[in-house]
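Accompanying notes for the structure given below.
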Amino acid sequence: MQDRPFFHKRDEFRIIFLGFDFLLQLNSSAIIFNIQLNKNLGFKIMILSPEELPKVALEDMNNIHTNELEILNALYDATVKEDVEEVEKLLDEFIKDVEEHFSFEQNLMEKYSFFAYPMHKGEHDRIRMELNNLKKQWDKDKNSKLIKSYIENHFIPWLINHVQTMDTVTAMYLANFIK
Ligand SMILES: [Fe+2]
Ligand SMILES: [Fe+2]
């Protein structure tokens with residue numbers, strides 16, 4: 001008799017869990033259906049829209065970020081479609097663009113003696129290393145899924161966080177010198 005409330009509770013959990021599981025399956029089926037539909041209709045699949053990317057106090061930096069996101073979205077679309085040739089081309093373009101993006105910020109930080117330059121550069125260097133490893137892995141196995149997963153789980157969360165924190169503080173400082 002004493003065990004009863006426990007069993008009831010466990011059953012409730014099981015029902016809730018099954019409900020969640022069903023919703024998750026429904027949701028992932030909807031995502032797969034959506035991707036398939038987009039593929040068939042020739043639509044581009046974006047990982048993040050330019051409006052969703054946080055803005056900083058320096059317009060030049062915003063333009064660089066928006067341009068990078070455009071290349072990243074094109075690369076993401078190619079990984080979803082598993083278009084190896086397109087991924088190959090866009091991955092190179094993306095890595096080159098990231099380098100220009102980072103160098104642009106670093107040159108300004110050095111020029112105007114930004115106090116947190118080593119910290120900000122350290123973050124850029126970490127991403128440079130990640131992208132270098134990703135490229136090496138890509139050259140080995142041409143696995144689009146790996147690039148797709150890196151964009152979803154590493155680069156996009158990192159970019160949003162980086163723009164919201166280090167880039168925001170840097171842009172506020174630089175805006176005192178540059179209009
Ligand atoms: Fe940036
Ligand atoms: Fe940065």
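Taking residue 55, is it surrounded by 14 or more Cβ atoms within 10 Å (Cβ to Cβ), more than 17 Å from the chain's Cα centre (by Cα) and either modelled with pLDDT under 95 or of a type in the set (D, E, K, R) (or both)? Judged against the criteria, residue 55 is not a match. Within region 98-127, no residue that is farther than 24 Å from residue 156 by Cβ and in the same structural domain as residue 58 (by TED's automatic domain parsing) sits with its Cβ atom under 9 Å from a residue that is among the β-branched types (Val, Ile, Thr) and loosely packed, with under 11 Cβ neighbours inside 10 Å at 6+ positions apart or across chains.
Here residue 163 meets each of (1) buried (at least 16 other Cβ atoms within 10 Å of the Cβ); (2) outside any helix (DSSP H, G or I) with one exception, condition (2). Here are the criteria: (1) within 14 Å of ligand 1 (Cβ to nearest atom); (2) assigned to a helix (DSSP H, G or I). Tell me which single one residue 114 does not satisfy. Going through the list (1) within 14 Å of ligand 1 (Cβ to nearest atom); (2) assigned to a helix (DSSP H, G or I), residue 114 breaks only (2). Residues in region 140-155: is at least one within 14 Å of ligand 1 (Cβ to nearest atom), part of a helix (DSSP H, G or I), surrounded by 13 or more Cβ atoms within 10 Å (Cβ to Cβ) and modelled with pLDDT of 95 or more? Yes, some residue in region 140-155 is within 14 Å of ligand 1 (Cβ to nearest atom), part of a helix (DSSP H, G or I), surrounded by 13 or more Cβ atoms within 10 Å (Cβ to Cβ) and modelled with pLDDT of 95 or more.
The values are calculated or read from the model by the stated rules, or taken from the named source; none is laboratory data. Given the structure is predicted, the values throughout are model-derived calculations rather than measurements. Virtual Cβ from ideal backbone geometry, glycine too; neighbours counted across all protein chains shown.
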